Amino acid sequence: MHAAVEILGLITISYFLALNGTYLVFTLLSWRDLSQHLRRRPFSAVDDALRSPFAPPISVLVPAYNEQTGIVESVRSLLALRYPQHEVVVVSDGSTDHTVVRLAEAYDLVPVRVAMRDAIAHQPVVQTWVSRSDPRLTVIEKRNGGKADALNCGICAARYPYVCSIDADTLIEEDALLRVAKPVLEDPDRVIATGGIVRIANGCRIERGQVTDVALPRSRLATLQVVEYFRAFLVGRVVWSRLRSLMIISGAFGLFKRSAVEAVGGYWTETVGEDAELVVRLHRHMRERGEDYRIEFVPDPVCWTEAPEDFRTLGRQRRRWQRGLGETLWRHRAVTAKPRYGALGMVAAPFFWLFELIGPMIEVLGYVGIPIAAALGILDVKFLIGFLVAAVALGMLLSIAALALEEISFRRHSRHREAARLLVYAIFDNLGYRQLTGLYRVAGMVDLCRRKSGWGDMRRRGIGRAAELEPVTERPVGGSVAVAE
Amino acid sequence: MIELLPALAAALVLATLPLIAALLVRRIRVAYRERRRARLERRVEPLALRLVDGEDADPTAEPLGSGEGVALAEVLTRYAQVLNGTARARIAEFFERSGAVAEQERRLRSRRAWRRAIAAKTLGDMRSPAASGPLVSCLDDEDAAVRSTAARSLGNLGDLDAVEPLVNVLADGTAPHAVAGYALLELGSGAVPTLVGLLESEREEVRAVAVELIGRLGCARDAALLVECLDDDSAEVRARASRALGRLGAGPAVAKLRRALVEPVPFIRAAAAVGIGRAGDAESLDTLLEHARVDSFASARAAARAASEIAPQQVAEIGDADPSAAGPHLVEAADRIAWGLD
């Protein structure tokens, strides 16, 4: 029994050393890549591309379900994006509130039977609308089918060769579309998808759909997520992109070549991780055909999203993410450890299986089991010390290093007090929060095994939304606007 | 292994504390540098304005303090991007006289690509025509960012000798289309004679670029030059010629555009439809309506749109009378006409 517990202890400690050691290497690689990226920013020619009629036009797709609170402002900010030529396609996925009615009032929508491709199957369209005040806006009402289905519908309606999926409740910076499209501008033949960074909007000042003052959330839980996002985006995604095995482009903000998405059949509607699953499928499709391609992460362009501020919503979110990851990895298990798929198969997929999918279970076992075993005298105290060093101390260093990356790169939190606060949270990130998210992820694995489906509700305060909504006035616009009673 | 972990713990603490200290020092230094820069720019701004207004040909005749020279250069660089005419020429002259242009040209030979790229950008920002030659050489640089930046800067300088080199990089695909294409647009209608000469190039890529840019920079009288391009061997040239004629006015080319409307290549049909629509060629209406019903998506859409421009009333009636027979594109076109869209 003693020997068995010691072996488990060694396995757990080895796991943490391997995980955090890998992230340490990632951090160093990311440091180098970000430094190079920043050195090149002064001559990135963003302003010139902004004026260029040769920039490829983009269709911005906005899947929306019951977004009446903020949809008008969201669309306003999307139409105001600085990009030479783009359109906005809002897909109301069977909304039961006044999402479409509010858009109709704000943008003078009229019914136009928009021609759509039949490239990807989706739930039937009920009605399509075009704005008279801004013909770049198209609104589609369809039967409910989920976010992936709404995106597939949007792809079929898109006029332009590139589509950018954006969540209805995220805020995109004014030139974010141009920055995320930069790899496409530079290498249009090879780049088939790019993604930008997601930052947390809680606590920021938002005016007319734009973040005008970056600040940390008041909520401790949300602030911990700020640190976590630094690790995920500035370390994780930068390196995976460099290794040509980026497996996730955030569904909140991703740019895709429409023909490539159509070629693989669009988003998979049977998963809650449709964003990651699409990216992996694109990788497979291109590699299996031996085509030269790139899928890139661009650390510049920012979209801002609301982070959960209560444990229940956080738990739901993390369980859903874990489920989505598991569904994606399982569906594409054939790429794992296969040289044919390059770094994706030989490095990324095994990493995600071991450290992101199964790893949380080992972590939870370690956090619970080792201290108990040491307290009961079953395990030598040196194992406890070793575990604390490997799991907690090394984790703290990584969080601080991620913070350092943010500091040397984009430095969006310029106030000294906030930097100090972030430092404190980076230290304490590994004393409770990380363990909690580990538990949520284990619960997500349980959900996966039980084949749970659905997104669940997220309690939102709404970022930058009007405190009071004006009453809906249903103007006749030449067609019926379906609103559930 | 377990025995080594306390040593690892000590190493982590030793690594973390200097890292935190370095971040703190960096933050203080960055804040100081930003304040200093703002202060210096405020101080040199009157000098810059005197130069731009022509009141002071050489504001550096009196020696500048530490950092003031750099600040003056930065302020003038910003002004150069928004000014034209003699004001801009004065700024360029200042940079040439002060040796800044020569210094940046020297940096174009740096071993580090990012330094070469920054130098290429700075030369463009300085707006000195003397930099044109070295920038053209940079279009052959091994680094993509250097080529792209050099293309951009050549557009800024407005030197028409750069037309053919820029067309070549576009044809070769060695600089981003959006950047190099825009640089050519910045050269303006003065580039058209060179572009017309390139219509005779043996390379179809060059001819295609030249056709596209004539369509954007030229005027109605240049349309006649593009008519022959509708018979080019290259499908890409024919398609771009169709679109270009749509912009310039397809009057002399309508007969050939009608033939292009029935080409086997879909994107040529779509481009031809655009040109025909803008020319208002009523004879093509039946063909357009047929294409709008049965052709591939992009071609059908273009055909429906063109038909709407030529005969909106008729399209509206067709779309409303029998939507299933009319097809989705004519139905959409009919709705747009009804609501006064597009």
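The values are calculated or read from the model by the stated rules, or taken from the named source; none is laboratory data. Keep in mind it's a predicted model, so treat the numbers as computed, not measured. Every residue, glycine among them, receives a Cβ derived from its backbone with ideal geometry; neighbour counts consider all protein chains shown. Calculation scope for accessible area: heavy atoms of the full protein, side chains included, ligands and nucleic acids excluded. Shrake-Rupley method; radii C 1.70, N 1.55, O 1.52, S 1.80 Å.
Looking across the stretch B:171-204, the residues that are open to solvent by less than 20 Å² (accessible area, probe 1.4 Å) and within 11 Å of another protein chain (Cβ to nearest Cβ) come down to B:Ala175, B:Pro176, B:Ala178, B:Val179, B:Ala180, B:Gly181, B:Ala183, B:Leu184. Residues of the stretch B:205-214 include none that is surrounded by fewer than 18 Cβ atoms within 10 Å (Cβ to Cβ) and either small (Gly, Ala, Ser) or free of Cβ contacts under 8 Å to residues at least 12 places away in the same chain (or both).
Rundown of residues vs (1) in a helix (DSSP H, G or I); (2) surrounded by fewer than 22 Cβ atoms within 10 Å (Cβ to Cβ), yes/no style:
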position: A:Ala337; (1), (2): no, yes
position: A:Arg340; (1), (2): yes, yes
position: A:Pro350; (1), (2): yes, yes
position: A:Phe355; (1), (2): yes, yes
position: A:Gly359; (1), (2): yes, yes
position: A:Ile370; (1), (2): yes, no
position: A:Gly377; (1), (2): no, yes
position: A:Leu384; (1), (2): yes, yes
position: A:Val389; (1), (2): yes, no
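A count restricted to the stretch A:117-135 and to residues that are within 14 Å of chain B (Cβ to nearest Cβ), crowded, with 17+ Cβ neighbours inside 10 Å and touching a strand residue (DSSP E or B) at 6+ places or on another chain (Cβ under 7 Å) stands at 6. If the condition is being outside any helix (DSSP H, G or I) and open to solvent by 30 Å² or more (accessible area, probe 1.4 Å), then the stretch A:218-249 contributes A:Arg218, A:Leu243, A:Arg244, A:Ile248. Among the residues of the stretch A:416-435, just one is without any contact (Cβ under 8 Å) to a residue 24 or more places away in the chain and away from every other protein chain (no Cβ under 14 Å), namely A:Gly432. Candidates A:Leu38, A:Leu78: the one that is within 30 Å of B:Gln81 (Cβ to Cβ), open to solvent by less than 20 Å² (accessible area, probe 1.4 Å) and out of contact with any helix residue (DSSP H, G or I) (no Cβ under 7 Å at 6 or more places or on another chain) is A:Leu78. On the stretch given as the stretch A:8-35, residues that are buried (at least 18 other Cβ atoms within 10 Å of the Cβ), within 11 Å of chain B (Cβ to nearest Cβ) and among the hydrophobic types (A, V, I, L, M, F, W, C) total 3. Exactly one residue out of B:Ala333, B:Ala270, B:Ala302 is touching a Ser or Thr at 6+ places or on another chain (Cβ under 7 Å), within 14 Å of another protein chain (Cβ to nearest Cβ), open to solvent by less than 30 Å² (accessible area, probe 1.4 Å) and under 24 Å from B:Gly215 (Cα atoms), and it is B:Ala270.
Scoring A:Pro56 on the criteria (1) within 14 Å of chain B (Cβ to nearest Cβ); (2) assigned to a strand (DSSP E or B) leaves a single failure, condition (2). Of A:Val88, A:Val101, A:Val110, A:Val5, all but one fail to be open to solvent by less than 40 Å² (accessible area, probe 1.4 Å) and within 22 Å of A:Cys164 (Cβ to Cβ); the exception is A:Val88. For B:Pro323, the test of being away from chain A (no Cβ under 14 Å) and not β-branched (Val, Ile, Thr) is failed. Go through (1) on the phi < 0 side of the Ramachandran plot; (2) over 30 Å from the mean Cα position of the chain (by Cα) one by one and return the number of the condition B:Gly340 breaks. It is condition (1) that B:Gly340 fails. Selection of the stretch A:183-217 for residues being open to solvent by 50 Å² or more (accessible area, probe 1.4 Å) and of a type in the set (D, E, K, R) yields A:Glu186, A:Asp189, A:Arg190, A:Arg205, A:Glu207, A:Arg208. Got a number for residues in the stretch B:67-88 being open to solvent by less than 60 Å² (accessible area, probe 1.4 Å) and within 18 Å of B:Leu135 (Cβ to Cβ)? Matching residues across the stretch B:67-88 total 3.
To keep it simple, each residue is scored yes or no on (1) within 21 Å of A:Ile358 (Cα to Cα); (2) of a type in the set (Val, Ile, Thr).
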{"position": "A:Ile400", "(1), (2)": "no, yes"}
{"position": "A:Ala404", "(1), (2)": "no, no"}
{"position": "A:Phe410", "(1), (2)": "no, no"}
{"position": "A:Ala419", "(1), (2)": "no, no"}
{"position": "A:Ala443", "(1), (2)": "yes, no"}
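Filtering A:Cys156, A:Cys164 for residues that are in a helix (DSSP H, G or I) and modelled with pLDDT of 95 or more leaves a single hit, A:Cys156.
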